[in-house]
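Participant: Supplied in structure tokens, the structure appears directly below.
The values are calculated or read from the model by the stated rules, or taken from the named source; none is laboratory data. Note that this is a predicted model, so its numbers are computed, not measured. Counting neighbours? That spans all protein chains shown, and the Cβs are built from the backbone with ideal geometry, glycine included.
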Amino acid sequence: MTIKKTAAAAIVAALGVTTLAACGTEDARDAAGKSGAPTPKTVTLVSHDSFNASKEVLAEFTKQTGLTVKVLKAGDAGEAVNKEILTKGSPQGDVFFGVDNTLLSRALDNGIFVPYEAKGVDRVPAEYRLDKENRVTPVDSGDICVNYDKKYFADRKLAPPQTFDDLAKPAYKNLLVVENPERSSPGLGFLLGTAAKYGDDGWQDYWTKLKANGVKTVDSWELAYNQEFSGSAGGKQAKGDRPLVVSYASSPPVEVLYGEPQPKVAPTGVSTGTCFRQTEFAGLLNGAKNPEGGKALIDFLISKKFQEDMPLQMFVNPVAKDAVLPELFTQHGVVVEKPETMAPEKIAEKRDAWIQQWSSLVLK
């Protein structure tokens, strides 16, 4: 999902706005323009900073449609959604990718998308299709989980935590860094995971225990993972001193892929009893300048070609049933059998109040 997310996300974010050259075709005139009107040459995808796709795959979209894909990155997922809400009716692009189930109701309630039933969406299981009006299309899924630095725990002969309960135990005091749920989508997902686990009346007590156990909070995933976490590849920069961090179940394959030298085994592990399932969506923006091109792009995002490219680009799981995961992803990733989940309606009802309560409890 997604995604925004992993060590690779920081690399991807540094690329900024990406534009691929394209050439026109007859198909483009059908897909992107109306008779007698100038044919648009580009379609603009607005997303969070973690979006990435291979040049070859986006070139395939260009070959099919004659449209250049312009990617406009707009910050963390929450920040990017808020920008679209502020520009509703006069959006920055044609399609938005990266709104997830934790923020979905905010986007839908503010009317930033228009309905469109994507071609091929019947290949996506119903569990991911959360909007019956088809204002958004599921693109990927992933699990927000605590990651741990294997070496840290091996050196101390200390078993890494595996559950939410474990994180509050004295053995793990001052070891965990999390993201602020008001500013970060993984931080919000982790908060929702604790609410799903402990219930409306129990999650605050749990966070009281985490605070007493020395949990550290930072504003973003990039800060938490690349600066505070001791297990991050992090290039040549100094690593942090926290061996536990809220990240993703798919983060270990990133450490393998981008490790220097490339390790045979991931240096990080996943506490599978701390996970919350995240699904990311794409939608046609209300007021898009190229709505027909936007529809074609949404169709492409759930095509087998894009879905199979996505795991090693954004380190998320495809949602299309016919997509096959790459070997590196299956070898070093973790399958979470029983992640915490929450109905979008409940997230919509409780999210803002929970964030306020969390801030009062943890940040003061």
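Participant: When you go through (1) part of a helix (DSSP H, G or I); (2) modelled with pLDDT under 95; (3) out of contact with any strand residue (DSSP E or B) (no Cβ under 8 Å at 6 or more places or on another chain) one by one for Lys236, which number turns out not to apply?
Facilitator: Here Lys236 meets the rest and fails (1).
Participant: Can you tell me which residue is surrounded by the fewest Cβ atoms within 10 Å (Cβ to Cβ) among those in segment 119-137 that are basic (Lys, Arg) and at pLDDT below 95?
Facilitator: It comes out as Lys132.
Participant: Could you please tell me which pairs satisfy a Cβ distance under 7 Å, a separation of 6+ or placement on different chains, a first residue in segment 222-233 that is within 12 Å of Glu179 (Cα to Cα) and part of a helix (DSSP H, G or I), and a second residue that is acidic (Asp, Glu) and modelled with pLDDT of 90 or more?
Facilitator: Note: pairs meeting the criteria are Ala224/Glu179.
Participant: Follow-up. Is one or more of the residues making up segment 255-268 modelled with pLDDT under 90, within 17 Å of Asn52 (Cβ to Cβ), in the same structural domain as Leu103 (by TED's automatic domain parsing) and out of contact with any Cys (no Cβ under 7 Å at 6 or more places or on another chain)?
Facilitator: No, segment 255-268 contains no residue that is modelled with pLDDT under 90, within 17 Å of Asn52 (Cβ to Cβ), in the same structural domain as Leu103 (by TED's automatic domain parsing) and out of contact with any Cys (no Cβ under 7 Å at 6 or more places or on another chain).
Participant: Next up: Going by the structure shown, is Ala107 at pLDDT 90 or above, within 21 Å of the chain's Cα centre (by Cα), outside the structural domain of Asp219 (by TED's automatic domain parsing) and more than 18 Å from Ser185 (Cβ to Cβ)?
Facilitator: In short, no.
Participant: Taking Val43, is it buried (at least 23 other Cβ atoms within 10 Å of the Cβ) and of a type in the set (A, V, I, L, M)?
Facilitator: Considered against the rule, which asks whether it is buried (at least 23 other Cβ atoms within 10 Å of the Cβ) and of a type in the set (A, V, I, L, M), Val43 comes out as yes.
Participant: Exactly one of (1) surrounded by 23 or more Cβ atoms within 10 Å (Cβ to Cβ); (2) assigned by TED's automatic domain parsing to the domain that holds Asp166; (3) not β-branched (Val, Ile, Thr) is unmet by Ala282. Its number?
Facilitator: The one condition Ala282 does not meet is (2).
Participant: Hey, another quick one. Pick out the one residue from Gly193, Gly231 that is touching a strand residue (DSSP E or B) at 6+ places or on another chain (Cβ under 8 Å), crowded, with 19+ Cβ neighbours inside 10 Å, over 23 Å from Glu349 (Cα atoms) and not aliphatic (A, V, I, L, M). Break it down stepwise before answering.
Facilitator: Details: Gly193 fails: over 23 Å from Glu349 (Cα atoms).
Of the residues listed, the single one that is touching a strand residue (DSSP E or B) at 6+ places or on another chain (Cβ under 8 Å), crowded, with 19+ Cβ neighbours inside 10 Å, over 23 Å from Glu349 (Cα atoms) and not aliphatic (A, V, I, L, M) is Gly231.
Participant: Conditions first: (1) of a type in the set (A, V, I, L, M, F, W, C); (2) at pLDDT below 95; (3) part of a loop (DSSP other than H, G, I, E, B); (4) not assigned by TED's automatic domain parsing to the domain that holds Leu175. Ala320 passes all but one, so which condition is the exception?
Facilitator: All conditions are met except number (2).
Participant: Do you know which residues across segment 54-73 are part of a loop (DSSP other than H, G, I, E, B) and buried (at least 22 other Cβ atoms within 10 Å of the Cβ)?
Facilitator: Gly66, Leu67, listed by residue number.
Participant: Looking at segment 33-83, which of its residues are in contact with a Ser or Thr (Cβ under 6 Å, 6 or more places away or on another chain) and at pLDDT below 60?
Facilitator: Matches in segment 33-83: Gly33 only.
Participant: Let me ask something additional. Would you call Ala320 under 19 Å from Ala195 (Cβ atoms) and of a type outside the set (Phe, Trp, Tyr)? Break it down stepwise before answering.
Facilitator: Values: under 19 Å from Ala195 (Cβ atoms): no; of a type outside the set (Phe, Trp, Tyr): yes.
In short, no.
Participant: A follow-up question, please. For segment 147-198, what are the residues that are closer than 28 Å to Ser50 by Cα and either small (Gly, Ala, Ser) or not assigned by TED's automatic domain parsing to the domain that holds Ser220 (or both)?
Facilitator: Ser184, Ser185, Gly187, Gly189, Gly193, Ala195, Ala196 - these are the residues of segment 147-198 that are closer than 28 Å to Ser50 by Cα and either small (Gly, Ala, Ser) or not assigned by TED's automatic domain parsing to the domain that holds Ser220 (or both).
Participant: Further question: I'm checking my understanding of the structure. Among residues of segment 138-166 that are under 17 Å from Cys275 (Cβ atoms) and surrounded by 24 or more Cβ atoms within 10 Å (Cβ to Cβ), which one is modelled with the lowest pLDDT?
Facilitator: Gly142
Participant: Right, another one. Within 19 Å of Val43 (Cα to Cα) and not in a loop (DSSP other than H, G, I, E, B): does that describe Glu308?
Facilitator: Judged against the criteria, Glu308 is not a match.
Participant: For residues that are among the hydroxyl-bearing types (Ser, Thr, Tyr) and within 17 Å of Ala266 (Cβ to Cβ), tally how many sit in segment 117-166.
Facilitator: First, pick out the residues of segment 117-166 that are among the hydroxyl-bearing types (Ser, Thr, Tyr): 128, 137, 141, 148, 152, 163.
Still in the list and also within 17 Å of Ala266 (Cβ to Cβ): 148, 152.
The number of residues fulfilling the criteria is 2.
Participant: Give me the residue from segment 89-117 that is part of a helix (DSSP H, G or I) and not basic (Lys, Arg) and, out of that set, surrounded by the fewest Cβ atoms within 10 Å (Cβ to Cβ).
Facilitator: Asp109
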